[in-house]
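Below: the structure, in C-alpha cells.
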Amino acid sequence: MSKFESSVKQIPYSQTAVYRSISDLSHLEKVRDRVPTDKVKEFVFDADSVAVNVPPVGEIRLRIVNREEPKCVKFETVQSPMPFFLWVQMLPVTETSSKMKVTVEADIPLMLKAMVSGPLKDAVEKVADALASIRYE
C-alpha cells in the first residue's frame, strides 16, 4: 500500500462543525456548483456514499466505513479502477478554528506506481483544498 498525504489546511470553523459536514455526505449539496463539469461527468451522493465519473479514469464510488467523532471520517472504494482508502482528519486549533489533512492509502500495482503517484498526490491536495474552502456553518 502507498500512502499520500495532503498538506495541513487551516479552516476558520470549529472541529465539530467540520466533522458534522464531512461525516454526512448529503452536505455535498453545498459544493455541487464548484464541481468542474468539464472534468466530472457525474456527481451523485447520499449521507454515506459519493460517486463521481471522471473521464478517462471512469466511475469512482466511495462509502464511509468509519466515523470517529469529532476527529476522523474514513472512506473506502466500492468501485474504482484501483482500490483505496481515504480519510479526513480534523483537529481543533481554537474553539472557532481547526486544521485538516486528507490521506489516501492505495493498492497501486508496482508497474503503475511511477505513473500514478504524481497525479494521485495532486488529487489528494486538490481534495484537501476543496474541503478547506467549504463554508461549514
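The values are calculated or read from the model by the stated rules, or taken from the named source; none is laboratory data. Keep in mind that what you see is a predicted model, and the values were worked out from it rather than measured. A quick note on method: Cβ atoms are made from the backbone with ideal geometry, for glycine too, and the neighbour counts reach across all protein chains shown. Side chains are part of the model used for accessible areas, which takes the heavy atoms of the whole protein and leaves out ligands, DNA and RNA. Shrake-Rupley method; radii C 1.70, N 1.55, O 1.52, S 1.80 Å.
Okay, here's what the table says:
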item: Accessible area of the stretch 46-113 divided out per residue, in Å², using a probe of 1.4 angstrom; result: 57
item: Quotient of Cα Rg and 2.2 N^0.38 Å for the stretch 7-85, N being how many residues it contains; result: 1.16
item: Extension reserve of the residue 40-residue 95 stretch, reckoned as 0.36 nm per residue once the Cα distance is removed; result: 16.3 nm
item: Cross-link partners of residue 3 among aspartates and glutamates (Cα-Cα below 12 Å; sequence separation of 8 or more within a chain); result: 105, 107
item: Euclidean distance between Cα centres, the stretch 109-137 to the stretch 1-70, Å; result: 11
item: Linear extension gain, residue 115 paired with residue 7, 0.36 nm per residue minus alpha-carbon span; result: 36.7 nm
item: Accessible carbon and sulfur surface of the chain relative to its total accessible area, %, 1.4 Å; result: 56
item: The chain shape via C-alpha gyration tensor axes, a/c threshold 1.5; result: prolate
item: Amide proton proximity set for residue 108, modelled H, under 5 Å, gap of 5+; result: 2
item: 16 Å cut-off, amide nitrogen to a point 7 angstrom out along residue 26 Cα→Cβ, residues in the stretch 42-58; result: 44-50
